[in-house]
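A.B. asks: What follows is a structure written as structure tokens; I'll ask about it next.
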Amino acid sequence: MARTRPEDIAPLWRRACEAAIAFRHDVPNRAASPQDDYAASLRAFSAPLPGSGSDPGDVLGDLVRLADPGLMTPTGPRFFGWVIGGSHPAGVAADWLTSAWGQNAGNHEASPAASAAETVAAGWLLELLDLPRESSLGFVTGATMANFTALAAARGAVLRAVGWDVESDGLFGAPPVTVLIGEEAHATAYAALQLLGLGRDRVVRLPADDQGRIVTDPALEALAAARTPAIVILQAGQLNTGAFDDFAALVPAAHETGAWVHVDGAFGLWARASGRTRALTEGVDAADSWAVDGHKWLQTPYDCGYVIVRDREAHERAMTIAASYLPASAAGDRDPSHVVPELSRRARGFATWAMIRTLGRDGIEEMVDRHCACARLVADRLRAEPGIEVLGDVGLNQVLVRFGAELDADEGDRVTRETVARVRSDGVCFVGGSSWRGREAMRFSVIGVETDEVEASRSAESVVTAYRKTVGTS
Ligand SMILES: *Cc1c(COP(=O)(O)O)cnc(C)c1O
């Protein structure tokens, strides 16, 4: 039955809603690791292409049953595996409506409400992050696309400054662009370079310290020697350590050489939302573009990120899709499709608007502070255990850990790997495995809205227990 009778909608949606509620109620009590791995989930889902349709209620029932054992728990209070936000219930509710309303956020005409929510939420985001209010902001799928979009604007602007129109003429024959990037930058910044024809490896790598921060003095020298046109990519919140590059020194030096400065701040830019962590980002507002996520610290559901560009014209020139059938927005009006790569697009402004309203400035600050306090608490507990080493300062919400400190490096790798596996199979919390400076590490990222000190302590104890079991001391 391809068409739905109006009276069939309510039972179907109520059932989806009930299943969602049951899952969210259960999450704090279920094992933090999924019961099924990918292979088991794939076996469950595998089936021949359906030749004919099924009752949507049956389909929904099957979906819930098949998916459940393979569902991860980022919405729970003890998920620390990656920097993955907790999909706050208020954001989810707005997101449900977004789907139910079936709005296309491509332009003002296609959904006046979706465009309006984006415009207002964009203004709020610039205030919360305290970035230049004249910037333009686009709603993208995440920081990966935000990095891509911002670097496309950067590419266009620096080439335009030397008389080359990359949007029209492409990169063939263009003056070479120098890209300077920290060696511990996020893989998605490199991926953006790869997509933009700037080359993942055709870069000047700026050396980083043991926190993953660009070392300032050699970077200043590299900047002074850089040939223009140039783009510099800095980072607010290193994935493993949460460290910040020295914006106050590096941004003005990059501008001195005429470079465009982009900052990847997927989660770290939210440090600006709290008086206690804001100083970590000092000088970041002088950059030219920024990438930040909604689905990390702001707790919107997936997928939601923001690209922010100071030079509105450069942003729009890089992204504008022009076609005769598309309505032109009034001069000066923000056109949502002129600041992102896509045309048809999910209306992410609704969930963003709802999350900012729900938490408010105070609530966001409280959450950032709470997560940073949890990270310090976990680091202190782990440091107190002989043989566990916390790598780095824990200035934000990331705790990077190495086990078997007294062992030789290979043994330490083995113990670290086994401890991570044991923590996961014990099921109290979910932690990340990582590698840091060529060695195995455990990453403990505090980012989910439900995490508090009690849950964090309980999780730290479970890590200590798993470590003791691994080395046979209990
Ligand atoms: C998560 C992250 C990204 C990628 O963001 P997505 O939202 O996964 O696309 C980029 N940079 C940093 C620093 C990150 O933490």
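The values are calculated or read from the model by the stated rules, or taken from the named source; none is laboratory data. What you are looking at is a predicted structure, and each value in this text was computed from that prediction instead of being measured. Heads up, the Cβs are rebuilt from the backbone with ideal geometry, glycines too, and the neighbour counts pull from every protein chain shown. Ligands, DNA and RNA are stripped out before the accessible areas are found, and what is left, the full protein with its side chains, is counted by its heavy atoms. Shrake-Rupley method; radii C 1.70, N 1.55, O 1.52, S 1.80 Å.
Matching residues to (1) over 26 Å from I308 (Cβ atoms); (2) within 16 Å of the ligand (Cβ to nearest atom); (3) at pLDDT 95 or above; (4) outside any helix (DSSP H, G or I):
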residue: S41; (1), (2), (3), (4): yes, no, yes, no
residue: L49; (1), (2), (3), (4): yes, no, yes, yes
residue: G61; (1), (2), (3), (4): yes, no, yes, no
residue: T75; (1), (2), (3), (4): yes, no, yes, yes
residue: S87; (1), (2), (3), (4): no, yes, yes, yes
residue: V92; (1), (2), (3), (4): no, no, yes, no
residue: A100; (1), (2), (3), (4): yes, no, yes, no
residue: H108; (1), (2), (3), (4): no, no, no, yes
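A.B. asks: Do we have R227 as within 25 Å of the chain's Cα centre (by Cα), more than 30 Å from R370 (Cβ to Cβ) and part of a loop (DSSP other than H, G, I, E, B) here?
C.D. replies: So R227 fails the test.
A.B. asks: Return yes or no: is A90 open to solvent by 20 Å² or more (accessible area, probe 1.4 Å) and of a type outside the set (D, E, K, R)?
C.D. replies: yes
A.B. asks: If we keep just the residues of segment 429-461 that are more than 26 Å from A208 (Cβ to Cβ) and surrounded by fewer than 19 Cβ atoms within 10 Å (Cβ to Cβ), which is farthest from the chain's Cα centre (by Cα)?
C.D. replies: E461
A.B. asks: Okay, next question. How many residues, within segment 124-153, are within 16 Å of the ligand (Cβ to nearest atom), touching a strand residue (DSSP E or B) at 6+ places or on another chain (Cβ under 9 Å) and not in a loop (DSSP other than H, G, I, E, B)?
C.D. replies: The number of residues fulfilling the criteria is 14.
A.B. asks: Filter segment 288-302 down to the residues that are open to solvent by 10 Å² or more (accessible area, probe 1.4 Å) and closer than 22 Å to Q398 by Cβ and list them by number.
C.D. replies: Within segment 288-302, H295, K296, Y302 qualify.
A.B. asks: Could you tell me whether any residue of segment 406-425 is under 22 Å from the mean Cα position of the chain (by Cα) and open to solvent by less than 70 Å² (accessible area, probe 1.4 Å)?
C.D. replies: No, there is no match, as no residue in segment 406-425 is under 22 Å from the mean Cα position of the chain (by Cα) and open to solvent by less than 70 Å² (accessible area, probe 1.4 Å).
A.B. asks: Another question, then. Taking segment 261-276 as the search range and keeping residues that are buried (at least 23 other Cβ atoms within 10 Å of the Cβ), part of a loop (DSSP other than H, G, I, E, B) and not aromatic (F, W, Y), which one is farthest from the ligand (Cβ to nearest atom)?
C.D. replies: Residue satisfying both the conditions and the ranking: G265.
A.B. asks: Further question: One residue is enough: does segment 244-259 have a residue meeting the conditions closer than 18 Å to R213 by Cα, modelled with pLDDT of 95 or more, part of a loop (DSSP other than H, G, I, E, B) and within 14 Å of the ligand (Cβ to nearest atom)?
C.D. replies: yes
A.B. asks: Please give the strands (runs of 3 or more DSSP E) falling wholly within segment 376-445 in which 1 or more residues are more than 24 Å from W297 (Cα to Cα).
C.D. replies: Filter on segment 376-445 gives 388-391, 398-403, 439-445.
A.B. asks: Looking at segment 158-168, is at least one residue farther than 24 Å from G438 by Cα, crowded, with 17+ Cβ neighbours inside 10 Å, touching a strand residue (DSSP E or B) at 6+ places or on another chain (Cβ under 6 Å) and of a type outside the set (S, T, N, Q)?
C.D. replies: yes
A.B. asks: Here are some residues: V251, V203, V179. Which one is under 24 Å from the mean Cα position of the chain (by Cα), more than 24 Å from A279 (Cβ to Cβ), surrounded by 16 or more Cβ atoms within 10 Å (Cβ to Cβ) and without any contact (Cβ under 8 Å) to a residue 40 or more places away in the chain?
C.D. replies: Selected residue: V203, the only one of V251, V203, V179 that is under 24 Å from the mean Cα position of the chain (by Cα), more than 24 Å from A279 (Cβ to Cβ), surrounded by 16 or more Cβ atoms within 10 Å (Cβ to Cβ) and without any contact (Cβ under 8 Å) to a residue 40 or more places away in the chain.
A.B. asks: Hey, does segment 460-474 have a residue that's closer than 17 Å to W82 by Cα and of a type in the set (S, T, Y)?
C.D. replies: no
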